[in-house]
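Asks: Handing you a structure now.
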Amino acid sequence: MDLGYANQSSELGVTINSNQTDGYAIRTDSDTKRGYENLTSNAYYKQKFSSSDIAMRYWRSEGKVEYLDFFLSPLDQDYLNESTAFEINNVISDQFKSKILLSHIKDDIKQNQSTDYVTSKRNVFDAQLDFSIEKHNIAAGIYISDEEAASFAWGSGYTEDTRSEEFFIQDSIIEGKHRVFIATRYIDHETFGDEIVWNAEYGFDLNDRISFSGSSGSGFRAPDATDRFGFGGNINLLPEESNDIQIDSENQLRNCCKRLRKKSIKYARFGGEDLRKEIEKLIIEIEEYKNLSTQPMKKKEKGKEKKGILDDDDYFMNQVIKEQKMYQIKQAIKQKKKNWHQKNLQLKKNSSSMLKKN
C-alpha cells in the first residue's frame, strides 16, 4: 500500500509492504522448508515555511526468519529494525543557514527457542551552521551519539553504554582556478578518549578539462560494542587510525556529447533513424552524470562534513559510468555498421542470383 499527498507547502506519505513465504529446503541434507515473514512500514511528513522547513521520518521493519541449526533442528528468530528522525532546516539570512537533526535507531533480534537476544539503541543529535563570508564557505557543528547495546548468547552476555561527542569546523575557498579545503574534527569518546582528525586539500584547474589536486588527512574509528563484546568480538580491540596522502590529476571529456551529436546524423546513414535515436539516448544518459563528475572538490566535501576524511568513491563511479556509456555508443555504432554492411551484401547476392536466373 502506498499513499501520499503534496501541495506547495507540505508533503506526507505512508508506505506499507508485507511479504510471507512458506520457504524452501535450505540444506541439501534436509527436506525441512524454512521461510520468512516481513512487514515494512514507512511514513514521512515535510512542511515548508517562508525561511525554514521541518521534516519527520519513521521507518520500521519487523518479521520472522526461519533457519536450521548445526544439527538440522528447525529454529526461528524475530527481528525488529526501527528508525525515527526529526529535522529542522532554517535559512537565517543570505549568508547563514542552520540544520538540526534528531534521530533514534533501534535493532532487536530474539531467538524463539532460547533466551538468546541482541539489541541496540542509538540516539543522535546533529547540528550544523553554514555561513559564507566573501570567498569563504564555512561550516561548523556538533555531533553527539549515545548508544546502548546488550546481548546474551551461548550462556554469556554483555550490556554496554557508549557516548561520543564530536565538534567540527571546515572552510572551502574558491578563487579563480584555485580551490582550497581545510577541516578538523575533535572527538571525545567515552571509552577511547580524545582524538583530533583533519583534512587539507588544494586543487588547481589548468583549463576547463584538466585539473590537479593534492590532499592529506587523518581518520579515526572507535570499535562499537558488537566489535568488542559480540560473538567473535575482541574485548581488547583498539580504535582504527589512518593517515592519507593523495595526488590526483583529472582529464575530463566535457565536449564529448557535443561532438557525438554532430556525428549522430552522419552515423544514421548506417542504421537509419533508429541508430540516431539510440545514440541520442545514450548521450542524454552521459549528460546526467556530467554535472556530478565535473566538480570533484565539491563531491568530496560532502563526505568530509561527517567523516573528516576524503571519499572519492562517488566521483570515481561517475567517471566509470561515463566511460561505460561511451563504450556502449561505440559498440552500438559498430554493430549497426556491421548489420548494414551484411544487409547490403545479402541484397547484392540476391540481385546477382536473380540476374543469373534471368
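Asks: Name the residue, out of Ser103, Ser132, that is within 30 Å of Trp198 (Cα to Cα), at pLDDT 95 or above and assigned to a strand (DSSP E or B). Steps first, please.
Replies: On the way: Ser132 fails: at pLDDT 95 or above.
Going through Ser103, Ser132 in turn, just one is within 30 Å of Trp198 (Cα to Cα), at pLDDT 95 or above and assigned to a strand (DSSP E or B): Ser103.
Asks: I need the full set of residues from segment 216-241 which are assigned to a strand (DSSP E or B) and either among the hydrophobic types (A, V, I, L, M, F, W, C) or under 19 Å from Tyr117 (Cα atoms) (or both), in order please.
Replies: Answer for segment 216-241, where residues must be assigned to a strand (DSSP E or B) and either among the hydrophobic types (A, V, I, L, M, F, W, C) or under 19 Å from Tyr117 (Cα atoms) (or both): just Phe220.
Asks: Scan Val91, Val118 and give me the residue that is in the same structural domain as Ile138 (by TED's automatic domain parsing), touching a Gly at 6+ places or on another chain (Cβ under 9 Å) and aliphatic (A, V, I, L, M). So that I can check it myself, show each step before the final result.
Replies: Numbers: Val91 fails: touching a Gly at 6+ places or on another chain (Cβ under 9 Å).
Among Val91, Val118, only Val118 is in the same structural domain as Ile138 (by TED's automatic domain parsing), touching a Gly at 6+ places or on another chain (Cβ under 9 Å) and aliphatic (A, V, I, L, M).
Asks: Mind checking which pairs have a first residue in segment 119-138 that is over 14 Å from Asp94 (Cα atoms) and a second that is surrounded by 15 or more Cβ atoms within 10 Å (Cβ to Cβ) and acidic (Asp, Glu), Cβ under 6 Å, 6 or more apart or different chains?
Replies: Thr119/Asp108; Ser120/Asp107; Lys121/Glu148; Arg122/Glu147; Asn123/Asp146
Okay, residues lined up against (1) among the acidic types (Asp, Glu); (2) part of a strand (DSSP E or B); (3) touching a Leu at 6+ places or on another chain (Cβ under 9 Å); (4) under 22 Å from Phe125 (Cα atoms):
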site	(1), (2), (3), (4)
Asn38	no, yes, no, no
Val65	no, yes, no, no
Leu72	no, no, no, no
Tyr79	no, yes, no, no
Lys99	no, yes, yes, yes
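Asks: While we're here: Taking segment 131-150, which residues are closer than 21 Å to Ser103 by Cα, of a type in the set (D, E, K, R) and surrounded by fewer than 17 Cβ atoms within 10 Å (Cβ to Cβ)?
Replies: Across segment 131-150, the qualifying residues are Asp146, Glu148.
Asks: Further question: Quick one: which of Glu62, Glu11 is acidic (Asp, Glu) and either modelled with pLDDT of 95 or more or under 24 Å from Asp224 (Cα atoms) (or both)? Walk me through it before giving the result.
Replies: Details: Glu11 fails: either modelled with pLDDT of 95 or more or under 24 Å from Asp224 (Cα atoms) (or both).
Of the residues listed, the single one that is acidic (Asp, Glu) and either modelled with pLDDT of 95 or more or under 24 Å from Asp224 (Cα atoms) (or both) is Glu62.
Asks: So for segment 15-25 (the condition being assigned to a strand (DSSP E or B), among the polar types (S, T, N, Q) and loosely packed, with under 12 Cβ neighbours inside 10 Å), does at least one residue qualify?
Replies: Step one: list which residues in segment 15-25 are assigned to a strand (DSSP E or B), which gives 15-25.
Next, from what is left, pick out any that are among the polar types (S, T, N, Q): 15, 17-21.
Still in the list and also loosely packed, with under 12 Cβ neighbours inside 10 Å: 18-19.
Looking through segment 15-25, at least one residue is assigned to a strand (DSSP E or B), among the polar types (S, T, N, Q) and loosely packed, with under 12 Cβ neighbours inside 10 Å.
Asks: Among the residues of segment 1-14, count how many are assigned to a strand (DSSP E or B) and surrounded by fewer than 12 Cβ atoms within 10 Å (Cβ to Cβ). Let's see the steps before the verdict.
Replies: To start, the set of residues in segment 1-14 that are assigned to a strand (DSSP E or B) comprises 2-6, 10-14.
Okay, now just the ones that are also surrounded by fewer than 12 Cβ atoms within 10 Å (Cβ to Cβ), so 2-6.
Adding up the residues that qualify gives 5.
Asks: Which condition number in (1) farther than 30 Å from Asn90 by Cα; (2) surrounded by 12 or more Cβ atoms within 10 Å (Cβ to Cβ) is the one that Gln47 fails?
Replies: (1)
The values are calculated or read from the model by the stated rules, or taken from the named source; none is laboratory data. This structure is a prediction, so every number in the text was calculated from the model and none was measured. Using ideal geometry, Cβ is built from the backbone for each residue, glycine included, and neighbour counts are taken over all protein chains shown.
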